[in-house]
Structure formats: C-alpha cells, structure tokens
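Colleague: I have a structure here, written as structure tokens, and I will follow up with some questions on it.
The values are calculated or read from the model by the stated rules, or taken from the named source; none is laboratory data. Since this is a predicted model, take the numbers as computed values, not measurements. Glycine gets a Cβ as well: all are built from the backbone with ideal geometry, and neighbour counts include every protein chain shown.
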Amino acid sequence: MTSPIPVRLLPVVMLGLFVLIAANVCLAQDGGAVPSPQTPGQGNTGGQRGGGQPNTPSPGQGNSQREPRFNEPEQRILYLSGQVKLLDGTVPPDRVVIERVCGGSVRPEGYTDSKGNFSFQVGGRNSNVFMDASVASDFRLEGARGVNERELAGCEIRANLAGFISESISLGFRHALDDPDIGIIRLRPLANVEGFTFSITSAMAPKDARKAYENGSEKIQKGRWAEAEKELVKAVKSFPKYAIAWFDLGYAYQKQQKLDEASKAYHQALQADSKFVNPYGQLAYLSLSQSKWDDALDYASRMLKLNPYVGADVYLYSAIANYNLGKADVAEEHARQAAKIDSDRKIAKIHHLLGVILKDKKDYAGAAESLRLYLKLNPKAPDASAVKQDLEEIDRNLGAAK
C-alpha cells in the first residue's frame, strides 16, 4: 500500500493558519452513504423508484393507474475487472488506485493486487478504498443499489500512479450483463521523473516480511497504531530494505507522537530506496511542525525535484516554508500550484495562505478573494473570526484606495 501523506497545516508566523487536512499515508475519510438523486419525473408524486413501477393514483383519478414508465432508468449492480501494466508489459511494483472519472469529478473505486489485477462494484462501498482530501465530494455513494447505466455514458476508468500517465477506458454503453473485463490499462512514465511514490524493493521482500507488512497495513487502515507498529517492525527486521514498510512504520510512530522514531524510520526508507519519494513529504511535514523552515524546504524541494507530479500537499509544504523564510514570490508560486492541483478545492487552507501572502503584498483585491473562498470552503474553521478581521482590514484598505 502506498500510503497517502497526512496534511496537517502547521504553525507559521500566525498560529491557527494551518490545521489537519487529511491523512495521506493512509488514511483518508470514508464518506457516509448519501441517497441517490431521484429519477427524472419522480418529484414528490409518491411514485416508486425503478423503471416500470406504476405510480400511485393522484386525487381524482379513481382507481385507475398510470401506465408503467419503462423508459425510466434503473439502478443496477455493475461489476468491472481488468489489469494495469506498464508500457513494457510489466506489472507495477506497488498497488495502483483505480479511479472513475465522470464530468471531471474523480472517485477512487479500488486497488490493483500484487499481480496488477483489479475488480470492484462500480459506485459500491468498496471498503478497501479510502477517500482523501483530494477526492471530489459530489459523487454520491450508491452502495448496494447499484448505478444508473445512463449516467455512466460520460465516465471513464483510469489508473492513478504518481509519475505516470494512464490510458482511460470509456464506460459508455456498458451494461450490467456485459463481460466485466474491461481489458488492460497501460501506464506511461512522464518525462523528467526520477522518483516514484512506490518502491521497487517491495517486489524483493520475502514472504514472511510481506505478510507482516500486510498485517501492519491493515492495522494502519483501522487506526490501530501500536498494533501496526509491532507488525511493521517485524517486516523491516525480516527485510531491512523494505522501504514501504519503513515508511508506514514511520507513519505509525508519527500517529503515536513518537516523532524521533518516525524521522528515523523515514530516513531508513530513503536509505533502502532513494527513488522512493514519499518519505521526503513526511520529513517536510515533521520539520514544519517544529518550525524548522530550512529543513522543511529542503525535503519538499528534493521531493519536487525527483517527481514534480505529486499532490498539492507537497507544494503547500514548500509554500509554507518559503513564506516563513521571507521568499514571498516562491511561496505565492507554489501556493498557486497547490491550488491548481487541488482543482476540487478540498484543501481550503491553500486559499488562506494565498490570501495572507497577497495581503502582505498589498494585493488587497486578490487577498479578499482568496480569504472569502477559504471561509466559503471552511465556514466553521477555528480561525474564521481572525480571517474575518483580516477581511475587514482589507475592505478598509480597498475603500481608502477608491
């Protein structure tokens, strides 16, 4: 399991500018079920869901019933399976997230196994998939009721592995009774990428080390940090070059506030595989939490140099460090890059930081726009009152300028 990087935005010059955004070495949110939208024409007529079901008679209709509307879309269970391979035909050395993309919104649906295979129920509550802060929230979890086949016409299935471009397979005209096998999704490496979010050492781990790692990963997903620590310690003792196990062990330490042990584990992961970039993100985070701006910038810069196609959180780490080191222009550039990557606006604090940077630069119109967006995205933020005070000051400056 390639764990996501947890994003807790940190104490900067202004306390309260940063809060915990998500866990990305693992761990994101598992959203609750939301009722599917009503089918067209249902409204509040009292009709039953599903095509072909007669509607309840309206007052004045007597005992007559309307004809069944067979053209109404039905919810069906749709299963998909396939395989992910690199261009040379080899299997990716780590699990790959399989995503469904509909109208620009992205939802993770499953993972590949050790052989690159995947299978899942479209839109189902796939318990092994964890939503993180970058996942669009406008998907509704259909659960066991299935999906409306017509709504899949504009959807695609793709793989997601940092540093690679994925082919996409269209779901248009696919039906529940079709062969679930959609074929092979191929990944092409991006240019100028030297580091990856997976470790090649995973394929070399012996059976007992893999078993301990899998047990530890399962404990991490359940938030049982101490138990995860025990299993992951077994894994790295059995195979000291097990970079991903060292990485997850560092995260288990981190969640238990064993920060020195966490830092050592992340460094061990880099020693085992210098092309495995995720530890740099965690080390940048730990440095930020201790106001070690130079160290944070160094780790974030190393990660971005090896792989500039990582998540918005790393660009945010770099922006925070640069801001606190007085490098406002670079801080603004990286904050804007973070906002660009976070196109679904799941990391609200990006816009808070950008607003503060623009306010310092006396770009009051831009600062007001960013801070208002922050409050819109996070109206119950613990620092909302302080942000509103900043907006009042900005509005006074804008009024004076007019």
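Colleague: For region 166-190, which residues satisfy the criterion of being among the hydrophobic types (A, V, I, L, M, F, W, C) and either surrounded by fewer than 16 Cβ atoms within 10 Å (Cβ to Cβ) or more than 25 Å from the chain's Cα centre (by Cα) (or both)? Lay out the reasoning, then the answer.
Modeller: To start, the set of residues in region 166-190 that are among the hydrophobic types (A, V, I, L, M, F, W, C) comprises 169, 171, 173, 176-177, 182, 184-185, 187, 190.
Scanning region 166-190 gives Phe173, Ala176, Leu177, Ile184, Leu190.
Colleague: Within region 370-382, can you find the residues that are of a type in the set (D, E, K, R) and either assigned to a helix (DSSP H, G or I) or not assigned by TED's automatic domain parsing to the domain that holds Leu316 (or both)?
Modeller: Residues satisfying the conditions are Arg372, Lys376.
Colleague: Can you tell me which of (1) closer than 13 Å to Tyr213 by Cβ; (2) not hydroxyl-bearing (Ser, Thr, Tyr); (3) not in a helix (DSSP H, G or I) is the one Gln257 doesn't meet?
Modeller: (1) is the only condition that Gln257 fails.
Colleague: Of all residues in region 334-369, which are assigned to a helix (DSSP H, G or I) and more than 22 Å from the chain's Cα centre (by Cα)?
Modeller: Gly355, Val356, Ile357, Leu358, Lys359, Asp360, Tyr364, Ala365, Gly366, Ala367, Ala368, Glu369
Colleague: Follow-up question, since we're still on this one. Residues of region 305-339 being more than 16 Å from Ala162 (Cβ to Cβ), surrounded by fewer than 21 Cβ atoms within 10 Å (Cβ to Cβ) and either in contact with a strand residue (DSSP E or B) (Cβ under 8 Å, 6 or more places away or on another chain) or not small (Gly, Ala, Ser) (or both), which ones?
Modeller: Asn324, Leu325, Lys327, Asp329, Val330, Glu333, Arg336
Colleague: Sticking with this structure for a sec: Are any of the residues in region 214-236 aromatic (Phe, Trp, Tyr), closer than 21 Å to Val97 by Cα, at pLDDT 90 or above and assigned by TED's automatic domain parsing to the domain that holds Tyr251?
Modeller: Looking for residues that are aromatic (Phe, Trp, Tyr), closer than 21 Å to Val97 by Cα, at pLDDT 90 or above and assigned by TED's automatic domain parsing to the domain that holds Tyr251, one finds none in region 214-236, hence no.
Colleague: Looking only at residues in region 73-93 that are part of a strand (DSSP E or B) and touching a helix residue (DSSP H, G or I) at 6+ places or on another chain (Cβ under 9 Å), which one is surrounded by the fewest Cβ atoms within 10 Å (Cβ to Cβ)?
Modeller: Looking only at region 73-93, we keep the residues that are part of a strand (DSSP E or B), and these are 75-76, 79-86.
From what is left, the residues that are touching a helix residue (DSSP H, G or I) at 6+ places or on another chain (Cβ under 9 Å) are 75-76.
Working: Gln75: 21, Arg76: 14.
If we take residues in region 73-93 being part of a strand (DSSP E or B) and touching a helix residue (DSSP H, G or I) at 6+ places or on another chain (Cβ under 9 Å), then Arg76 is surrounded by the fewest Cβ atoms within 10 Å (Cβ to Cβ).
Colleague: Still on this model: Across region 281-304, which residue is surrounded by the fewest Cβ atoms within 10 Å (Cβ to Cβ) among those that are part of a helix (DSSP H, G or I) and in contact (Cβ under 8 Å) with a residue 40 or more places away in the chain?
Modeller: Ser289
Colleague: Another question, then. Can you find even one residue in region 242-253 that is in the same structural domain as Pro206 (by TED's automatic domain parsing) and farther than 16 Å from Phe198 by Cα?
Modeller: Looking through region 242-253, at least one residue is in the same structural domain as Pro206 (by TED's automatic domain parsing) and farther than 16 Å from Phe198 by Cα.
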